[in-house]
Amino acid sequence: MVHADNTDPNPANDEDTALLPDGGRPAPHTRDMAAQAMLPKDTVLPGETVALTGRIRNHGPSTHIGEATFAVTLPAQLSCGQDLPGHCTADTPQRATCKFPAGILPQPRTGNRAAQDGYVDTEFALRVSPDVAGGQTLTGKVRVSDPIDRNPDNDEDTYTLRIGEPAADLALTKSAGYPAGKTQADPGDTFSYTLTTTNHGPSTAVNAKVVDPLPAALSFVSSPDGCTASGRTVTCGSTARLAPGDKAVHRIVVKLDPAYAGNGKDVDNIATASSDTLDPDQSNNSNKPGINGPDGGPLHTGKAKPKPLPHTGVAVTVVAATGTLLVVVGLGCLAFAGRRGRRGRRGPA
């Protein structure tokens, strides 16, 4: 309809009508939902955890009202475990499906709209298997599904992770166990040592073992856990695969030299844990001196008792002869006293 301040001599043609498309019904909703996978780094070690962000964008023109879902697919060497976001469910160990809130406004490709109006992020904590071999490249994907998506070409995005060389941080502690009822190990005693190896990860330690060179005052007796001795060197293991967080415990029984006369410091020997896997921190592979007693303090030992003098028979002979002499002298004194007494009773002649 047209209108003017002047008088229109023919108002009959000031207005016209036209039919809307599709009988005047509103056009159906259409959207372009796009998936993006983002990682903070491209290389991880076996056993490490990395954060994967799945970003779903709405390029419009319609607002998302809750129909769409997206899925994250992982390679076999990755897992989410129990750490899935609340709006996601695990379909399989390597696949999760997620819903995201309605009301994601369109974000034009020109970027004129504020970023937070056009997308939603979901973060996943992905853990790499601690047993995976290094040097591999793993690939997964994030895919959005929307029944009214008008552009399927950007519905899926892939991510890649390179696996670095495995690394396992082994730490060793050593603790003595005194003989029953004792608070120290005396010369000639047998006592035990417990060697505990802990893998602090992140990767599995392959062929983990402990080597314990015994000092001169100790000798190897036995081991209930299969440790063996070659000369003075005791070897425990190897444990084929020690997983992150796991411990390997070995006990050995040793004997303290019966002639030992030291103060225990030279018995406080150092054992060392190692494996075929790279250890990023070797400062904790050996036990520390001075803390290997049962209570975490120093190892307490006694000293050998002095040997008694050898028995030759001389002392007994001297004592016997001395005793005989005393008896003889005593009898002589008695006899002399008796004679003097008899003279005194007879009086002077």
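Derivation of every value follows stated rules applied to the coordinates shown; laboratory data play no part. What you see is a predicted model, and the numbers here were worked out from it, not measured in a lab. Here the Cβ positions follow ideal geometry from the backbone for every residue, glycine too, while neighbour counts run over all protein chains shown.
Across the alpha-carbon atoms of the range 168-284, the computed radius of gyration and Dmax are 15.0, 47 angstrom.
If R0 is 30 Å, what FRET efficiency do you get for Thr53 and Ala243 from their C-beta distance, rounded to 0.05?
0.60
Here the spin labels are modelled as points 7 Å beyond Cα on the Cα-Cβ line, and at Ser145 and Val253 they lie 6.4 nm apart. Rounded to the nearest 0.05, the FRET efficiency derived from the C-beta distance between Gln184 and Arg162 at R0 = 45 Å is 0.25. Protection proxy ranking of 207-220, 226-239, by the mean of other Cβ atoms within 10 Å over each peptide's residues and highest first, is 207-220, 226-239. 3J(HN,Hα) couplings calculated from phi for the range 264-275 with the Karplus curve 6.51 cos²θ - 1.76 cosθ + 1.60 (θ = phi - 60°) are, in sequence order, x, 5, 7, 9, 6, 7, 10, 9, 9, 9, 7, 8 Hz; Gly and Pro show x.
From the alpha carbon centroid of the range 161-191 to that of the range 38-57 is 37 Å.
Here the simple spin-label model places points 7 Å from the Cα toward Cβ, and for Ala76 and Gln282 these points are separated by 3.5 nm. A viscosity of 1.002 mPa s and a temperature of 20 °C, combined with the Kirkwood radius over Cα pairs in Stokes-Einstein, give a translational diffusion coefficient for the range 30-163 of 140 µm²/s.
For Thr30, nonlocal amide neighbours, meaning residues 5 or more places apart or on other chains whose placed amide H falls under 5 Å from its own, are Ser62.
Between Ala261 and Ile65, the modelled labels are 9.9 nm apart [label points 7 Å from Cα along Cα→Cβ]. Could you compute Rg(Cα) / (2.2 N^0.38 Å) for the range 221-300, with N its residue count? Output field value: 1.26. Taking the Cα centre of the range 30-163 as origin and assigning +1 to Lys and Arg Cβ atoms and -1 to Asp and Glu Cβ atoms, the resulting dipole is close to 160 debye. The length gained on full extension between Asn10 and Thr43, counted as 0.36 nm times the residue separation minus their Cα-Cα distance, comes to 4.0 nm.
Take the Cβ atoms of Ile291 and Ala102, set R0 to 51 Å, and the FRET efficiency comes out at 0.25. Packing order of peptides 188-201, 59-72, highest average first: 188-201, 59-72 (average count of other Cβ atoms within 10 Å over each peptide's residues).
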